[in-house]
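Here's the structure we're looking at; comments come further down.
Please treat every number below as a calculation from the coordinates, not as lab data. These numbers come from a predicted model, not from an experiment. We place every Cβ from the backbone using ideal geometry, glycine too, and count neighbours over all the protein chains shown.
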Amino acid sequence: MEIKVAHTENPKKNMLTLFYQFRELGLLFFIILLCIGVQMRNPSFLTGENILDLATNTSILVILSLGMMIVLITRGIDLSIGAVIALSGMLTAQLVAANPSINPLLCLLFGTIIGSVCGIVIGLLIARVGLLPIIATLALMNIFRGLTFLVSDGEWVSSYQMSKGFVALAGGSFLGINHLIWVAVFFCLVFFYFLNYTRTGRQIYAVGSNPQSAAVSGIKQSRILLLVYTIMGGLSGLCGVLWVSKFASAQGDTASGYELTVIAACILGGVSIAGGSGKLGGVLLGAILLGILNNALPLLNVSPFWQNGIQGFIILLAVIVNSIVKRRVDRTHSLRRAG
Amino acid sequence: MLNEFVLELEGITKAFPGVKALDNMQFQLKKGEIHALMGENGAGKSTFIKIITGVHEPTEGDMYLFGEKISFKNPNDAEKMGIAAIYQHVTSYPDLSVTENIFMNHEIRHPTWKTLNWREMHKQARELLCELGSSIDPKAQMNTLSVAQQQIIEIAKAISTKAKIIIMDEPTAALTARESEELYRITEKLRDEGTSIIFISHRFEDMYRLASRVTVLRDSKNIGTWNVDEISNDKLIVAMVGREINQIFPDKKMSAGDTVLEVKSLSNLGDFEDISFSVKSGEILGMTGLVGAGRTEVCQAIFGITRFEKGEILLDGSPVKSRSPQEAMQNGIGYLAEDRLEQGLVVNWSIEKNITLANLSELSSYTWLHRAKEKEQAKTFGEKVQIKATSIFDTVHSLSGGNQQKVAVAKLLTKDLKVILLDEPTKGVDIGAKAAIYEIVRQLAEAGYAVLFVSSEMPEILGMSDRILVMKEGRIAAEFVNRGVTQEMILEAAMGEEPVQKKSG
Amino acid sequence: MEQEKQTYQPRTLETQLPFSWKRLFFQWEWMLLLILVAVLLFGSYVSPYFLNYPSLRDGTMVFLDKAIIVFPMAMIMIMRDIDISVGSTVALSSVVMASLYTTAGLPMEVAIVACLVTGAVCGLINGLLIVKFKELSAVIVTLGTMILYRGIAYIILEDQAAGGFPEWFGFFGWGYVFGIPFLLIVFAALAIVFGILMHQTTFGRKVFAIGNNPTASRFSGVRVDRIKVIVFMLAGLLAAITAIFLTSRMGSTRPNIATMYELDIIAMAALGGVSTAGGKGRILGVVIAVFIIGYLQYGLGLINMPSQLFLIIVGALLILSVAIPKLGSMIKRK
């Protein structure tokens, strides 16, 4: 029971701790195994074309997961993003249908603003009024989805109503790489910088890790919460435009239930729902894992009807394994602390 | 003369709706002194800290820093002026690194790009920790460190803000003797470098060891400031509690019966090791030791809340195994939790519902609850422990600390128990209510319960117990029959370096 | 010395509260009743076919099936948890029942039992995972099982519909007993059973205790884990009952039925005064809230208002019902 205070050596690292600290490596390892397995069954998996395809189809998920990550880090959750995607997508599509000559980049801006407004509403309800995030976003999901149906009157906006330039937003490519991938890479870089090298970014972690402590050290919690939900809303709005451009149609039930996929990507990537922790690399890998599953299952001739089940199973498995590992790591920590 | 005081408070009052948390407070802090601040729980100490650190704004009064009048809008202002606080419960960010905890909210940034300069922060963190004589890895995650190590990080944080005034709120509460010694050393070093320190503690030894002056708070007021070498222990206690305490302990009647609870070499790696003792019916066995010595862990293991790896628990001579509190109570063991509000009571509930919570099965048939029986039981046991309230429907959070504790005791009485484990039953209870709780504890023993009485306060351990166990770092360091035992003997056993063998005095 | 003397005076505790008008009328349920009356008036204003006994009676068939789940959901929310997998559980139980009857050719009675068992097992899995892996929280666990259960429903039935049930099975959805819809009778019976369970039994008392202070409850001998598992299992079981009524009313089932039911159910519970922060709530309020939301949906349906408007109203009601108490206390503080 020797207790050393001031002269501790660096914490001894055992395998388990190492695994936990670099749990992204575990995820990466799993992804590589999965890729090898898929490749053995279907050689057309790891071809340049398919990889680009996969990346293009995963880009929107990646962008949204970044936003969801910071929401989860502050101990929140946002269930409304599917509805925000639909609302911003629908309004933008109607704008394009009415003014075919509009600059596509203006459309992106328009969608982002709509999404940000939605996000601000959520942020105010959570940060100022003090509603629980799950309740507030559940309610607003309903409201935004209802608004989408109302503004569209149940009608679709289809590809023939969209200008070429608008469809090229998500369909076109630069240097042979789809615009969506560029956008996703751009946001990854921005988030990496924002979360690791700005004070506000670190305050997001601080608020999630220990809200009381953040309050006494002068961090304005409500400001951070408002910011986080606004960013999430803005990203959802942007993705709404990209989504509509990519699938060349806007409907009332666009992206219905997509929030669950996004949250799943974050949780697979090791973001804790209890707040405070979550790394960009992990979230990226989580999103990629889901992207690979979506891409590979059809290649393996798995019936599309199995995909939901497999996804649900993998998510549960991942969080449970993660929780068991974490429990054992915590135990070794507390033992080391004591002896 | 103007600059003798680094911090002066003139008539600071802080009123919350319905209460004055701080009333016309005068306070002066000299440069390079360690100033102890003492007072009972609820005397206004934490409000005092929060005013100085800018968490609260005072309702009235002025504050002067280095002779200049100041007012803080938020904690950032105070931090910029060189005031830092180390709180009672470590307020770190468990998921973040040591460096980040040290530099939170005053990060080192690139002068033009405003990006965080991690390399510089890690370097400075290492230097700071080195200065404090510690080699904790700045990149380690905070929740992998021990409480003592986290305490050091908090101090490093205070230093990194270039604080000229550091407030330490019960920093030794969760530390072992050796860790406290380390903290004293660091605190003195800071003082010698010219930092002024306000040191808040319940432990008299902290004050005598460190402080040159002491200020006592009571009922939200400053009762007085003395030089430490000029005030006696008794006078200090009078100042803190407002009157002399003598004869608050009921008379002992040694009428112990048969051994009821026997614990044989109970061990749980990291918490406690080789714990053996027995309690007789009608006996009060005191258990003391520093906070963190493993007392609560032992109680909770006996009560089935936590597991133990080795050892045996005998009740009336036959071994029992309690895998949950529910089973423990069925076996006849009751536990009064240390943290009344978090673990003991449902504070939003009425007295009635709290008292009957543990005994619902007795008050129901086929799970149908008999309301009349429930009321009757609540009334009976509530009156037995003399809860000060108008009706059994009063909510528990409207009661004073002492009365809340009585509700918790009444809850235990509803069960058919043989052994009662009391974990710090008088913590945060005012002195008048303490006497009432002592009376109840003595009555419990006289009624034939075997009582294990855990407490950190020496006077009540000496005043109440028939026998005394002293725990140190997870082991039983000494056992005394309470005849002629002195505080010094217990302290020596609890803090001494050498393991003390069984003694009787 | 005075303090000390007081301590030793014999003291009595009242066991009867004096009557108080404020306590009688300062209840959320009165507010809900007013809203219900407003909804009924609104209904009669927009449609002449709304406010009469047969209309109101038959209108309940539209919404009461999912409202069955609100009882265990209220208990779950009182315990500070949430279950967002109930919609998927409805779908899975329904699909299991239908496919056992149509594909496997088992008798309908057996299929119904299988449906109930499926629901209970789904709930049991939720409960066990939540209790065994506390750090995951109910949100994550039921999010995962929500995807999983519906996924299994898709695996079983793909995108097919299954139906062609025996004629008597239609009784659940359309049958009347003494001129009252069978569903309404079942709902009323469940309301009474759960009302008693929550407010008059030791089980209910313990549920509230857990919601108010889980640690203190455990320390007082409440078997917290066991109660949680039971309540989640109840949620699964009642979801299966919902599945029976829903399938019967629709005559066939698909894997995508009951999507987003969890939202309506959570909204009903929250509107009914169940605190989303745990520890508070009454069955009476929840029942009134069910009828508020239900008749609103029914009334809007009568005048062919787009059902999307209903989505918005439910969302707004949910926000208002949780925001009003918060705003009230915010104003009080100022």
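The aspartates and glutamates whose alpha-carbon is closer than 14 Å to the alpha-carbon of B:LYS427, local same-chain residues fewer than 8 away aside, are B:GLU40, B:GLU338, B:ASP339, B:GLU342, B:GLU457, B:GLU460. Take the Cα of C:TRP168, step 7 Å toward its Cβ, do the same at B:SER398, and the gap between the two points is 5.8 nm. Between 0 and 90 degrees, the angle of helix C:108-132 with respect to the longest Cα principal axis of chain C falls at about 40 degrees. Screening chain A for whole DSSP H helices of 18 Å or more along their axis (Cα) with average Kyte-Doolittle hydropathy at least -1.0 returns A:23-41, A:48-73, A:81-98, A:104-124, A:133-152, A:179-197, A:221-247, A:280-299, A:304-338.
Report the calculated FRET efficiency for B:GLU488 and C:LEU17 (r = Cβ-Cβ distance, R0 = 60 Å), to the nearest 0.05. Result of the calculation: an efficiency of 0.65.
Shown here: chain B, whose C-alpha atoms stretch 73, 50, 48 Å along the first, second and third principal axes, sorted largest to smallest. Over chain C, Cα pairs under 8 Å with separation of 6+ residues give a relative contact order of 32 percent.
Dipole magnitude for the range B:259-495: about 640 debye, using +1 per Lys or Arg Cβ and -1 per Asp or Glu Cβ, origin at the Cα centre. In units of the rule-of-thumb radius 2.2 N^0.38 Å, the protein assembly as shown shows an alpha carbon radius of gyration of 1.01. With a Förster radius of 51 Å applied to the C-beta separation of C:ILE180 and A:SER222, the computed FRET efficiency comes to 0.50. With neighbours defined as other Cβ atoms within 10 Å of a residue's Cβ, the residues C:MET146, C:MET77 order from fewest to most as C:MET146, C:MET77. Per residue of the protein assembly as shown, the DSSP helices (runs of n ≥ 4 H) give a summed -39500 (n - 2.57) that works out to -18000 deg cm²/dmol at 222 nm. If R0 equals 56 Å, the separation of the Cβ atoms of B:LYS20 and C:VAL193 corresponds to a calculated FRET efficiency of about 0.65. Counting only alpha carbon atoms, the long axis of helix C:53-67 and the longest principal axis of chain C meet at about 80°.
The base-10 log of I(q)/I(0) for chain A, evaluated at q = 0.12, 0.14 Å⁻¹, reads -0.90, -1.18 [Debye formula, identical scatterers on Cα atoms, solvent excluded].
Positive end of the dipole of the range B:395-493 (Cβ unit charges, origin at the Cα centre): among B:THR414, B:SER456, B:ILE440, the Cα lying farthest that way belongs to B:THR414. Here is the list for the range B:57-165: chymotrypsin sites (Phe, Trp or Tyr not before Pro) lying in DSSP coil, each with at most 11 other C-beta atoms within 10 angstrom of its C-beta, are B:TRP113. As a proxy for reagent exposure, ranking A:MET232, B:MET458, B:MET25 by other Cβ atoms within 10 Å from fewest up yields B:MET458, B:MET25, A:MET232. Can you put B:ASP192, B:ASP77 in order, fewest other beta carbons within 10 Å first? Sorted ascending by nearby Cβ count, the order is B:ASP192, B:ASP77.
On a 28 Å Cα-Cα criterion, which of the cross-link pairs B:LYS31/B:LYS69; B:LYS280/C:LYS206; B:LYS164/B:LYS235; B:LYS50/B:LYS114 come out too long? Over 28 Å apart, Cα to Cα: B:LYS280/C:LYS206; B:LYS164/B:LYS235; B:LYS50/B:LYS114.
In the range B:2-241, a dipole from Cβ-located charges (positive for Lys and Arg, negative for Asp and Glu) runs towards its positive end, and of B:ASN76, B:TYR87, B:GLY54 it is B:ASN76 whose Cα lies farthest in that direction.
The convex hull defined by the C-alpha atoms of the range B:419-482 has an orientation-averaged projected area of 4.6 nm².
Remark: relative contact order (chain A) = 33 percent; criterion is Cα-Cα distance under 8 angstrom and separation of 6 or more residues. Here's the list of aspartates and glutamates a cross-link from B:LYS379 could span, going by alpha-carbon distance under 18 Å and ignoring same-chain residues fewer than 8 apart: B:GLU352, B:GLU362, B:ASP394, B:ASP416, C:GLU14. Charge dipole (Cα centre; +1 on Lys/Arg Cβ, -1 on Asp/Glu Cβ; no other charges) of the range B:1-146 amounts to roughly 360 debye. Seen against the Cα atoms of chain C and their longest principal axis, helix C:182-200 is set at about 20 degrees.
When you restrict to C-alpha pairs under 8 Å that are six or more residues apart and normalise by the size of the range B:2-241, the relative contact order lands at 28 percent.
Placing +1 on the Cβ of every Lys and Arg and -1 on the Cβ of every Asp and Glu, with no other charges, gives the protein assembly as shown a dipole of roughly 1060 debye about its Cα centre. For the options A:LEU242, A:LEU150, A:LEU87, a Gaussian network treatment of chain A with springs between C-alpha atoms closer than 10 Å singles out A:LEU150 as fluctuating the most. Positive end of the dipole of the protein assembly as shown, charges at C-beta (+1 Lys, Arg; -1 Asp, Glu), about the Cα centre: which of C:PRO325, C:ILE180, B:MET142 has its Cα farthest in that direction? Among C:PRO325, C:ILE180, B:MET142, the one farthest towards the positive end of the dipole of the protein assembly as shown is C:ILE180.
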